[in-house]
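Participant: One structure follows; several queries about it will come next.
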Amino acid sequence: MAPCNCGRAGRSVIVYRLVLPNGVTREYPTRREADAANNRAGGRGSITAVPR
């Protein structure tokens, strides 16, 4: 993997990506926010931690 020259000294930030069944994708800074959004949307989405 090539090094990232993005000014963060190699550290990555984790965000939580919520993908809803209708194809909408949103990212949240915490798992709690992603869970809450998923519950508001009916609870059928999937949440994945992704590096930024």
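A quick yes/no check of all residues on (1) on the phi > 0 side of the Ramachandran plot; (2) touching a His at 6+ places or on another chain (Cβ under 7 Å); (3) hydroxyl-bearing (Ser, Thr, Tyr); (4) surrounded by 11 or more Cβ atoms within 10 Å (Cβ to Cβ):
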position	(1), (2), (3), (4)
Ser12	no, no, yes, yes
Val15	no, no, no, yes
Val19	no, no, no, yes
Glu27	no, no, no, yes
Arg32	no, no, no, no
Arg44	no, no, no, no
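Participant: Can I ask one more? Please determine, by comparing only the residues of the chain that are among the hydroxyl-bearing types (Ser, Thr, Tyr) and either more than 12 Å from the chain's Cα centre (by Cα) or not in a strand (DSSP E or B) (or both), which one is modelled with the lowest pLDDT. Even if it seems obvious, please write down each step before you answer.
Facilitator: Just the residues of the chain that are among the hydroxyl-bearing types (Ser, Thr, Tyr), to begin with: 12, 16, 25, 28, 30, 46, 48.
When the remaining residues are screened for being either more than 12 Å from the chain's Cα centre (by Cα) or not in a strand (DSSP E or B) (or both), the result is 12, 30.
Details: Ser12: 84, Thr30: 97.
The extreme case among them is Ser12.
The values are calculated or read from the model by the stated rules, or taken from the named source; none is laboratory data. Quantities reported herein were computed from a predicted structural model and do not represent experimental measurements. Please note: Cβ atoms are built from the backbone with ideal geometry, for glycine as well, and neighbour counts cover all protein chains shown.
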